[in-house]
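Dropping the structure in here first, questions after.
Every number in this text was worked out from the coordinates using simple rules, so none of it is lab data. Small disclaimer: the values here were computed from a predicted structure and weren't measured. Here the Cβ positions follow ideal geometry from the backbone for every residue, glycine too, while neighbour counts run over all protein chains shown.
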Amino acid sequence: MASIELNGECVEAPEGGNLLLAAHTVGVHIPHLCYHPGLSAPVNCRLCVAAVGRGEERRLVPACDVPVSEGLVVDTLADDVAQARAEALEFLLVGHALDCPVCAKAGECELQNYVSAHGRDEGRYAEDAHSHQKTDLGPRIRLYADRCIDCSRCIRFCDEVAQSGELARVDRGEQAHVGVFPGRVLDNPLAGNVVDLCPVGALVEKDAHLGPPVWQLRGVDSICSGCSAGCNVRVDVHREKVIRVKPRFNPEVNDYWLCDGGRYGWQNADEAQRVHHPLIRRGQEFAQVEWDEALAQVDKRMALCEGEAIAASFSANSTNEEAYLFAHLVRDIWRARWVMLRGCQDSEGDQHFGGGFTIRADKTPNARGVADVAAQLAVEFLSPDRIWPEMAEGRVRAAFFLAGHPRERLTEAEREALAGVEFLVVQTAFESELSQMASVVLPGATAFEKTGTFTNVDGRVQCNRRIVLPPGLAWPDWRILSRLGQAAGLHWTYDDPTEIAVALGEQQVAALTEVPEGRSGQVYGGGWATRLQRLGFIHVEDHSKRV
Ligand code: SF4
Ligand code: SF4
Ligand code: FES
């Protein structure tokens with residue numbers, strides 16, 4: 001560490017680190033545009049100006065390019081610093097279309113905010129700026145080149161993180177602008193990050209102008225459920241409708257980034273396939289019924305088959321709390337003999353990118369957590385290859401499948417095996433081949449519609465939050481399982497997944513002599529997080545101090 005003088009105060013900062021970041025960590029924000037902490041520093045906008053040194057040594061420098069050293073004297077408040085900053089902004093506005101009222105970035109534009117806080121009241125440049133046509137760079141992203149301030153964040157991201165290199169400065173002189181190389185499109189698996197990185201409205205999603213203005217959005221911190229990486233996200237909602245998913249900084253998991261699967265994949269969910277009501281098969285048709293009737297039917301029929309003749313399938317899409325309830329039902333009530341865990345693996349394997357960002361081949365959020373919870377309750381998974389033949393030979397009379405992955409398909413052999421099961425319960429958010437074969441369908445929730453914890457591939461327990469309500473009569477899965485437990489005579493009075501998490505946490509802590517390595521997660525949420533943390537189940541981290 002080095003001692004530096006910053007605006008008259010003596011502060012400690014990491015020696016050799018960048019001055020802009022060092023100032024930020026002690027609460028002094030230095031305006032900047034081209035610099036981004038996840039990328040290299042090109043030092044091209046000159047907005048991050050600060051005065052360093054004293055007397056004749058004093059000079060104005062870009063803070064993103066100054067290493068911290070012992071005794072460094074820094075002033076970010078002096079009049080000449082403010083004037084240089086205002087002039088840098090004025091210069092950036094020379095080529096920038098002043099169309100804030102119709103720009104999709106308005107309200108969260110870094111340039112707009114800086115000009116409003118640090119800019120001159122009037123610009124002195126009277127010539128018309130060169131105008132460019134808007135251009136589609138890829139399937140989702142549009143370039144408004146006359147808003148571009150040439151910060152090069154988007155180009156550096158494609159070179160350094162996505163490592164796809166399709167973006168560059170093209171043309172010359174006043175015609176020069178950001179574009180894709182001939183024959184290329186901006187469609188790499190991380191392409192959406194350039195929209196977040198662009199400090200102005202030059203790169204936007206094509207449909208961004210159709211949504212509500214950003215100041216009407218409510219952000220909820222949660223976890224992406226698109227794969228086992230468990231990227232931290234903020235889900236923006238407007239009138240109980242999910243509008244967009246943005247990355248939330250976590251240096252241990254996803255840094256500043258999201259993949260396009262996590263960012264846009266939820267838009268592909270087919271609402272027409274949602275199960276809205278509990279369903280009971282009557283002949284070839286399903287009848288919509290009330291919850292009490294469906295739960296009573298499941299309880300009665302499972303009790304008739306209790307023991308040897310029952311199979312149960314956990315889902316790697318369940319939260320830890322749901323897995324905990326299901327494991328109790330499987331072990332203590334149904335005494336299922338054949339138990340398996342179903343997931344969803346991408347055959348192409350993990351995809352690795354610059355800086356360590358990884359899209360996992362396991363397309364479920366919680367395979368590790370469900371396996372951990374089941375092991376804790378001494379529930380042993382068998383290979384599905386051992387269970388399907390038992391079904392096919394008629395030795396399984398009843399089976400309960402918990403919320404499968406929306407993309408899951410059955411093989412011909414699996415379909416034939418399930419046809420031999422007398423009573424099949426499927427708890428799921430979406431209609432599927434599996435639910436079509438069920439005796440009873442219990443309508444569950446998607447990850448956006450329920451709260452609970454997921455354990456990612458590295459063993460980090462993180463909090464997934466309910467963003468919107470499930471449709472129709474659908475319930476969060478923990479509530480369905482809790483009510484099934486009550487129907488079977490268990491004293492489960494859970495009204496909230498928090499209570500289940502605490503019960504699970506207490507059990508885990510009771511079984512542990514120390515909290516294992518990697519058992520930590522980024523969780524915000526007052527009482528719940530505090531209590532779980534005290535129990536040692538999670539470790540709360542706060543990365544909100546990003547630049
Ligand atoms: S398009 Fe945006 S991110 Fe890319 S150089 Fe221009 S202003 Fe920077
Ligand atoms: S890598 Fe996985 S967890 Fe991260 S955003 Fe993509 S799908 Fe979601
Ligand atoms: S942020 Fe330092 S020069 Fe642009």
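When the C-alpha atoms of the stretch 57-104 are aligned to their principal axes, what extent does each axis show, in angstrom, from largest down?
That works out to 47, 21, 16 Å along the principal axes.
Then there's this: Of Glu174, Glu416, how do they rank once you tally other Cβ atoms within 10 Å and put the fewest first?
With the fewest neighbours first, Glu174, Glu416 line up as Glu174, Glu416.
Next up: Between Asn44 and Ser131, what FRET efficiency comes out of the Förster formula 1/(1 + (r/R0)^6) with R0 = 25 Å and r the beta carbon distance, rounded to 0.05?
0.65
Label Leu473 and Glu285 with points 7 Å out from Cα along Cα→Cβ: what is the distance between them in nm?
About 1.6 nm separates the two model spin labels.
What is the fewest-to-most order of Trp492, Trp388 by other Cβ atoms lying within 10 Å of their Cβ?
With the fewest neighbours first, Trp492, Trp388 line up as Trp492, Trp388.
With the dipole of the chain worked out from charges on the C-beta (+1 for Lys and Arg, -1 for Asp and Glu) around the Cα centre, which of Leu93, His238, Leu33 lies farthest toward the positive end?
With unit charges placed on the Cβ atoms, the residue in question is His238.
Given the chain, what count of lysine pairs have C-alpha atoms under 23 Å apart, with each pair 8 or more places apart or on different chains?
Final tally of qualifying lysine pairs is 13.
Just to be sure I follow: if Rg is taken over the C-alpha atoms of the stretch 272-517 and Rh is the Kirkwood radius over the same atoms, what is Rg/Rh?
0.95
While we're on this one: Please work out the Cα convex hull volume for the stretch 341-408 and give it in Å³ per residue.
It comes to 122 Å³ per residue, whole-number rounded.
Here is a further query. Taking only the alpha carbons of the stretch 92-217, what extent do you get along each of the three principal axes, in Å, biggest first?
Over the stretch 92-217, Cα extents along the principal axes are 42, 39, 24 Å.
If you restrict to DSSP beta bridges whose two residues both lie in the chain, what percentage is antiparallel, to the nearest 5?
Counting DSSP beta bridges with both partners in the chain, the antiparallel share is about 70 percent.
For each of Tyr125, Tyr256, count neighbouring Cβ atoms within 10 Å of the residue's Cβ, then give the residues from fewest to most.
Tyr125, Tyr256
Please work out the Cα center distance from the stretch 296-362 to the stretch 436-453, rounded to the nearest Å.
Cα centroid to Cα centroid, the span is 12 Å.
At 222 nm, what helix-only mean residue ellipticity would the chain give, in deg cm²/dmol to the nearest 500, using -39500 (n - 2.57) for each DSSP H run of four or more?
Value at 222 nm, helices only: -7500 deg cm²/dmol.
Moving to a separate point now. Which percent of Cα-Cα pairs in the stretch 1-106 sits in each 10 Å bin, short to long?
14, 44, 29, 10, 3
With charges set only on the Cβ (+1 for Lys and Arg, -1 for Asp and Glu), what does the dipole of the stretch 2-91 come to about its Cα centre, in debye to the nearest 20?
Using only the charged Cβ atoms, the result is roughly 240 debye.
Oh, and also: Helix 79-94 sits at what angle to the longest principal axis of the chain, using alpha carbons and giving 0 to 90 degrees rounded to 10?
Relative to the chain, helix 79-94 is tipped by roughly 70 degrees.
Kirkwood hydrodynamic radius, the stretch 70-132, all distinct C-alpha pairs: what's the number in Å?
Evaluated on the stretch 70-132, it is 13.5 Å.
Separate question: How many angstrom separate the Cα center of the stretch 161-209 from the Cα center of the stretch 23-54?
So the two Cα centres are separated by 23 Å.
Can you give the FRET efficiency for Asp346 and Glu56, using 1/(1 + (r/R0)^6), R0 = 51 Å, r = Cβ-Cβ distance, to the nearest 0.05?
For R0 = 51 Å, the calculated efficiency reads 0.25.
Here's a follow-up. So how much slack lies between Ala106 and Arg169, counting 0.36 nm per residue of separation and subtracting their Cα-Cα distance, in nm?
Full-extension gain reported as 20.2 nm.
Still on this structure, I have one more. Suppose the chain between Glu240 and Trp215 were pulled fully straight at 0.36 nm per residue; how much longer would it get relative to their current alpha carbon spacing?
7.5 nm
Right, next: Just the C-alpha atoms of the chain: what Rg/Rh do they give, with Rh taken as the Kirkwood radius?
Rg/Rh for the chain comes to 1.05.
Report the one residue of Ile500, Ala438, Leu47 whose Cα lies farthest in the direction of the positive end of the charge dipole of the chain (charges on C-beta: Lys and Arg +1, Asp and Glu -1; origin at the Cα centre).
So the residue furthest toward the plus end is Ala438.
Continuing with this model, one more query. I'd like the per residue volume of the convex hull spanned by the Cα atoms of the stretch 362-492, given in cubic angstrom.
138
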